[in-house]
Structures are given as C-alpha cells and as structure tokens.
Amino acid sequence: MDPIHQFNISKIYILGHIGGYEISITNSALFMFAAVFIIVAGMLVATARRSLVPDRAQSVVETTYEFVAGMVRQSAGEQGMKFFPLVFTLFSFILVLNMFGMIPGLFAVTSHIVVTVFLAFVVFLTVIIYGFWHNGLRFLKLFVPSGVPVYILPLIVAIEVMSFFSRPISHSVRLFANILAGHITLKVFAGFVALLGGLGIAGWIGALLPLALTVALTALELLVAFLQAYVFAILTCIYLNDAIHPGH
Amino acid sequence: MEKAHTEAAHEKGPFPPFQKEHFASQLVWLVLSFVVLYALLWKFVLPRVASILAARRTRIESDLAEAAKAKAESEAALAHYEKSLADARANAQAIAAKTHQELAARSEARRKELEAGLATKLADAEKKIEATKTAAMKNVRGIAIDAAGAIVERLTGAAPAKPAVERAVDRAIN
C-alpha cells in the first residue's frame, strides 16, 4: 500500500567496498542489464535476415533508427550525426527503462535521480568537451548573442551562463520527476481501489472511480514514458547543436 | 519480529531516490551498462541497420534508374518507329507524284503524236480535195468550153473560134 515502496533499492548480492562505498548488485542494476540485453539482442535478432522488404520487427528497428536519425539531423544538422550513436543509446536506454517501469511489479530505474543526473552529465560534459575541442575559444560565443546592445551585454551574458549551467539540472530532474510522480500517482489511485474494495458492496461501487482513473493514468504514463525519452533525446540534440554551431 | 524491524528501518531511511548509500552501486552499474550499450550499438547494431537501409536505398535508386533507362529506350524506339513511318509515307507520296507525272507526260506525248498524225492526215485530205477540186474545175472548164462551142454552133450555125470561147468561159468562171 505504501506508494514509495516501489522505489526501494534492494540488494541482491554484495560484491564489496570501494573507498568506503558499498558496491552491490541491486534490482536497479538487474534492470539496467536487462535493458542493455533487450536493446542489443532485440535489434540484432530483428535485423538478422537483413530483408529488403522488412518484416514487423525489422520495421520497428528501422523506424526507430530513422526517427532518432531524423531528430539528430533536424536539431543538430548533418555534422551532428557523429553523435547519433550517443543519442540513440540515450533514447533507447531511457525508453526501455521507462517501459520496464510500466510493467506492474517491475522497477523504474529512471525514477532515481542519480541515474538521470549521470545521463544528463554525460550530455553536459560531451557538449563542453566537444565544444572547446571543435571551436576552441569561439565556443564562448555561445554566451554572447550577437546583435545585443553593449550596455545590457553583461546582464545577457550572466543569464546565458546561468541557463547553460542549469541545463544538466533541468535535463535530469525533468525525467526523474516525471517518472517518480507518475508512478506515485498511479500507486495512490490503485491503492484506493484496494482500500475501498475491502469495505464491502458500497466500497466496490466507490472503487469504480479510482479504478477508471488508474486505467486512464496507465495510458497517460505509457505516453509519458515514451515522451520523456523523446524529450531527453531531443534536448540532447539541441545542446549538442550548441557545441557544433556556437555562434547562434 | 524480524520483518517489523526491517520495515522500521525503511521508515527511518530517507526517500528511496535520495538514499546516498545506494548511489555508488547504482553509478557503477549504470556506467558499465551505458558504456557497454553505447559500444555495442556504435560498433555493431547501428552500422548493421544503416547498411540495411543503405542497401535498400541503392536498390530503389538502381531500380528507378533502370526504369528510367527502359522508358528512354521505349521512347527512342517509338520515335524511330514514327520517323520510319513518316519516311515511308513521304516515300510513297514521292513515288505517287512521280508516277502521276510520268503518266501525265506519257499521255501528253501520245496526245501530241495523235494530234500530229491527225494533222498530217487532215493536210493530206485537204491536198487531195484541192487536187480533186482543181482537176474537177479543169474538167468543168473543158466541158463548159465544149458546151459553149456547141451551143453557139447550134444557134448561129457556125463554129466559133476556139480561143474566143476559152476566153469567154474563163471570164464567166472567174
């Protein structure tokens, strides 16, 4: 009945300690491994026949590929395609982890902020490192928009710098909060069904409303699970575009 | 008793996503999973999908090119056919015109030949008529002189001089 219980990390096997930190295989780790396995094995099996006319599974893989490639090309241009593997990895990993969370009884890895913060920092550091490597100091033009009057330039630069450094926070918290809040809401309404159902006939009738809401919320959360993976990927493309073309 | 204790421990701990003691484990496996997933997708999976899509694209392009080639060929064949048709038609017209001219020339020649023949015949006939007429006129003069001589002899009883009768007849005829 506790809506928070679903987010508990449970240790399956304790491996040891590194610098005072306990390293153990947890339910979270198992779902990460499962996601990696399902993505890689699924895509390899679906494309095993390399058909000229694709069957259903191969079609799904091809459509996903074209979808992500189109996203990268549209937001970051043809030069952005060198980051296509990164964006595809982020999108497929987050999508599958989110979808695991939608299966009752399974664990939503992306409801843990340490996971989303890591993923956001991968993008953030990629942007900074590639930005300086590719553009040198011209990368700093990112903070100085052209065509701004000189007397308000210091203010604009301050705002640009602040917004740049708050990116990993919004990037990670958006995914984490959406998945967390969605799962809590779902669990609370589902909990009402069980509570009211225990009160006899009148309770059964009263439970119909939260039951209907739970069904509707499940559909909504499926949408959110996809949408948040998409949003994470498209923001990645937009941030990478800054590293490739900082002058805009 | 044991279960109650662990439940209590959970109650005491912070909100699960903020339990710091699990951060290290999660990060280790996340980094490992992410790197493995990235490497496998980058090295094997995505190039494979890309090669399938590229193969399909080149196949479609080559098929389209082939279709365009076939279309161009059929158009060329059609143009060739139409050209030979037009040539044949022009040829037939030329032959017809030539034949027509030849026939016209031949019939013209025959007509001229015939006309020439007729003209000579006509001229011959006219000559003959003229000759006959002259001969007849000569006879008429002789008869007229004889008849005039006889008439004068009968009326006067004396035969007139021949030259005088001839002169008188000539005057009367002309």
* To do: Work out from phi, with θ = phi - 60° and the Karplus expression 6.51 cos²θ - 1.76 cosθ + 1.60, the ³J(HN,Hα) of each residue of the range A:8-18, listed in order in whole Hz, and give x for Gly and Pro.
  => 5, 8, 10, 6, 9, 8, 8, 8, x, 10, 10
* Using θ = phi - 60° and Karplus 6.51 cos²θ - 1.76 cosθ + 1.60, couplings along the range A:128-138 (whole Hz; Gly, Pro as x) -> 5, 5, 5, x, 6, 5, 7, 10, x, 6, 4
* Is chain A best put as rounded, prolate or oblate by its Cα gyration tensor, with a ≥ b ≥ c the root eigenvalues, rounded for a/c under 1.5, and otherwise prolate when a/b is larger than b/c, oblate when not? -> prolate
* Structure fact -> Most fluctuating of B:80, B:100, B:22 in the GNM of chain B (C-alpha, under 10 Å) is B:22
* **Backbone HN-Hα couplings from phi across the range B:125-138 [Karplus 6.51/-1.76/1.60, Hz, Gly and Pro as x]** => 4, 5, 4, 4, 4, 4, 4, 4, 4, 4, 4, 4, 5, 4
* Sparse-neighbour loop sites [trypsin sites (Lys or Arg not before Pro); the range A:139-203; at most 16 other C-beta within 10 Å; DSSP] -> none
* When Cβ neighbours within 10 Å are restricted to other protein chains, what is their mean count per residue of peptide B:46-56? -> 5
* **Pairwise label distance in nanometres, residue A:195 with residue A:15, each label 7 Å out on the Cα-Cβ vector** => 4.1
* Please name whichever of A:108, A:89, A:51 sits farthest to the positive end of the charge dipole of the range A:1-120, dipole taken about the Cα centre and charges placed at Cβ: Lys and Arg +1, Asp and Glu -1. => A:51
* To do: Provide the net charge surrounding residue B:131, with neighbours chosen by a C-beta distance below 14 Å and charges set as Lys +1, Arg +1, Asp -1, Glu -1.
  => +1
* What nm value, rounded to one decimal, do you get for the distance between residue B:91 and residue B:130 when each label is placed 7 Å out toward the C-beta? -> 5.9
* **Local electrostatic count, residue B:79, Cβ distance below 15 Å [Lys/Arg +1, Asp/Glu -1]** => -2
* Asked: Amide H of residue A:24: which non-local residues (sequence gap of 5 or more, or other chain) have their own amide H closer than 5 Å, using H built in the peptide plane?
  -> A:15, B:25
* Net length gained if the chain between residue B:107 and residue B:61 were fully extended (0.36 nm per residue, minus Cα distance) -> 9.7 nm
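Here, each number is a calculation from the coordinates, and none is a lab measurement. If you're wondering where the values come from, they're calculated on a predicted model, not measured in any experiment. Positions of Cβ are generated from backbone atoms using ideal geometry, with glycine treated the same way; all protein chains shown enter the neighbour counts.
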